[in-house]
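Below is one structure, written out as structure tokens; comments come after it.
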Amino acid sequence: MTTTERRDRWCGSWEPPAFERWAADRAAGCGPHLVPVVQVGRCPSGHLAVEVLRPTTRTLDETLDGLGVPTEGVAVTLTVPLLQLAASARQGALELGAVPTDGVGVDDAGAVIVADRPAGGAPICADAGGVVPEVPTAPSDPDGARQLVLAARAVWDRVDARAPARNTVDPALDAARDGDAALVSEALALVLAAAPPRPVRLARSTAASLDAALGPAVTPSAAGDLGALVVRIVREVLEHGIPLGRTRRLPVRHAVVGVVVAGGLVSAALGVR
């Protein structure tokens, strides 16, 4: 699921001290991986209120489906921010709320964005009559740090099981899930040592890619652009892989290896005859 840019408004009517800490952490210098607070004021009932900007992102699951089998370097890029935030929360240096299922996303640049539910916050009061919003239903797992570690584990679950780094990273993430700041920091150090970070290249869906590449039907006047069209399609396949359905892609090198192996088996079978 791709979430479009929107602005959410919250107020601290549920637990003001926790909400104030949450707002302070995001009002200035929150970094590139937390949704920023763009406006601060008071709701009609007098509680501290904020407006949060949620950028357009793809959910982490959708991103992983598009990547197929991420390399260790891509996994490092996706999980380091999650573990850094989790470590800060465990250390008490960051007020982190519950992270909903769509709370971890990846933007068009391949950067991880975390949109947690404000700690101690509730939907902003709608009137000036002193009406306080109902206390939000407690999330099934209010531990935001734990949810971020689980998200990091989900990324590494998609990495090739034969990758050497998984022998150390997987147990460290399992220990950090319910561990203290030291265990989360240890897992972070192992992830950083696993591989150099690599950019996250998100492939568009097959239909969107072909529509964008093909454009309107080719006419005689546009026949001269056919060569450039072919080049764009070939480049798309080489960079992002061969489309398999709407979201998955097969790396070209895997397809080439499969063809070579199949050809060898056929040749061997014919030779036996």
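No value in this document is a laboratory result; all are computed from the given coordinates. Because the structure is predicted, anything quoted here is derived from the model rather than measured. Cβ sites come from the backbone with ideal geometry, for glycine too, and all protein chains shown count toward neighbours.
The table below lists the values:
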read-out	value
Given charges at beta-carbon only (K, R positive; D, E negative), |dipole| of the stretch 2-194 in Debye	240
Most to least packed among 14-21, 74-81 [average Cβ atoms within 10 Å]	74-81, 14-21
³J(HN,Hα) computed for each position of the stretch 70-82 - Karplus, 6.51 cos²θ - 1.76 cosθ + 1.60, integer Hz, glycine/proline x	x, 6, 4, x, 5, 4, 4, 4, 6, 9, 4, x, 5
3J(HN,Hα) from dihedral phi, the stretch 31-39, Karplus parametrisation 6.51/-1.76/1.60, rounded to Hz, x for glycine, proline	x, x, 10, 10, 5, x, 8, 9, 9
Nonlocal amide H pairs with residue 30, under 5 Å, H built at 1.01 Å	none
Amide H contacts of residue 42 (H built 1.01 Å from N, under 5 Å, at least 5 apart or other chain)	49
Residues whose placed amide H lies under 5 Å from that of residue 242, excluding near-sequence neighbours	250, 252
